[in-house]
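Written out below as structure tokens is the structure these notes cover.
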Amino acid sequence: MAFRQALQLAACGLAGGSAAVLFSAVAVGKPRAGGDAEPRVVEAPAWAGSARPGPGVWDPNWDRREPLSLVNLRKRNLDSGEEELASRLDHCKAKATRHIFLIRHSQYHVDASLEKDRTLTPLGREQAELTGLRLASLGLKFNKIVHSSMTRAIETTDIISKHLPGVCKVSTDLLREGAPIEPDPPVSHWKPEAVQYYEDGARIEAAFRNYIHRADAKQQEDSYEIFICHANVIRYIVCRALQFPPEGWLRLSLNNGSITHLVVRPDGRVALRTLGDTGFMPPDKISRS
């Protein structure tokens, strides 16, 4: 009986792609002539997969790392039965907690026409120093710094890393700024071309799948990892990790140099410790550009 239940759980855990957790057609109120609301359907991008679970339903296998989804049940030895299955499942269980620190880059020259010229402002450099000091003061043994390959993120990383000597740095294009998914409700001042949502959205979703998940089963100790990137990327990641509707990412606001702290437990549960914290900065050093 226990093995039959395991098979049923495995089937549930493997159903659908990981992006399916967060994407489906969403009905929202759209005013019309009599004051009523007419549902507006927001179609998910092609790369998003099938429908997500209903509101309030937590998918425990959101990162596809539930032990049952990692074990090939077809190779089960019928002689050893449930004892072997239990051993294999235990071997696949995560044992450590991941602490993920998402840092937004500091203030930069937004008016520069070329990306390479969008360097940090003097205030931005001060903000990065303050963020680096704050991270160092936590007394944590950081494992690595992963940063966007855009100029403002690279410069922010260089300043912060001075306060965290010995922590290795890794650059990636996946964390570059972009348009993750059409926001709902929409905004009038920012309307990128539809193709940008498909191109950037697929890349940012790939960043989420690649970096945000529970610890590998081989990891024995808790890890503390820093990701230095951009507001849109961080807001999207937070919505995805908490299984909130990703279309709401633009409702969140992040200051320059802010710290967002996500915790991913071995059982896959995710907690948001802080969102866009800049309480360590003097008021006159805070900006959101």
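How many residues does the range 202-220 contain that are assigned to a helix (DSSP H, G or I) and touching a residue at least 60 places away in the same chain (Cβ under 8 Å)?
4
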So how many residues does the range 176-213 have that are among the hydrophobic types (A, V, I, L, M, F, W, C) and over 24 Å from Gly268 (Cα atoms)? 6
Can you say whether His147 is in contact (Cβ under 8 Å) with a residue 24 or more places away in the chain, open to solvent by 10 Å² or more (accessible area, probe 1.4 Å) and touching a Gly at 6+ places or on another chain (Cβ under 6 Å), as far as the supplied structure shows? no
Hits in the range 104-127 - residues which are surrounded by fewer than 14 Cβ atoms within 10 Å (Cβ to Cβ), more than 25 Å from the chain's Cα centre (by Cα) and not basic (Lys, Arg): Asp111, Ala112, Ser113, Leu114, Asp117, Pro122
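When you check Arg235 against the structure, is it in a loop (DSSP other than H, G, I, E, B), basic (Lys, Arg) and either modelled with pLDDT of 95 or more or closer than 18 Å to Arg104 by Cβ (or both), yes or no? Please lay out each step first, then the result.
On the way: in a loop (DSSP other than H, G, I, E, B): no; basic (Lys, Arg): yes; either modelled with pLDDT of 95 or more or closer than 18 Å to Arg104 by Cβ (or both): yes.
Taking the combined requirement at face value, the residue does not satisfy it.
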Quick one: is Glu199 surrounded by fewer than 17 Cβ atoms within 10 Å (Cβ to Cβ) and part of a helix (DSSP H, G or I)? yes
Conditions (1) assigned to a strand (DSSP E or B); (2) over 27 Å from Ile160 (Cα atoms) -> Glu225 fails only (2)
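What do you reckon, is Ala217 on the phi < 0 side of the Ramachandran plot, small (Gly, Ala, Ser) and touching a helix residue (DSSP H, G or I) at 6+ places or on another chain (Cβ under 7 Å)? Step through it out loud before you land on a result.
Working: on the phi < 0 side of the Ramachandran plot: yes; small (Gly, Ala, Ser): yes; touching a helix residue (DSSP H, G or I) at 6+ places or on another chain (Cβ under 7 Å): yes.
It is true that Ala217 is on the phi < 0 side of the Ramachandran plot, small (Gly, Ala, Ser) and touching a helix residue (DSSP H, G or I) at 6+ places or on another chain (Cβ under 7 Å).
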Total residues in the range 204-234, condition open to solvent by less than 50 Å² (accessible area, probe 1.4 Å) and either under 20 Å from Met150 (Cα atoms) or under 11 Å from the mean Cα position of the chain (by Cα) (or both): 18
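The values are calculated or read from the model by the stated rules, or taken from the named source; none is laboratory data. From a predicted model like this one, the values you see are computed outputs, not experimental measurements. All Cβ positions, glycine included, derive from the backbone under ideal geometry; neighbour counts span all protein chains shown. The protein model used for the area step is the full one, side chains on, heavy atoms only, and it has no ligands, DNA or RNA in it. Shrake-Rupley method; radii C 1.70, N 1.55, O 1.52, S 1.80 Å.
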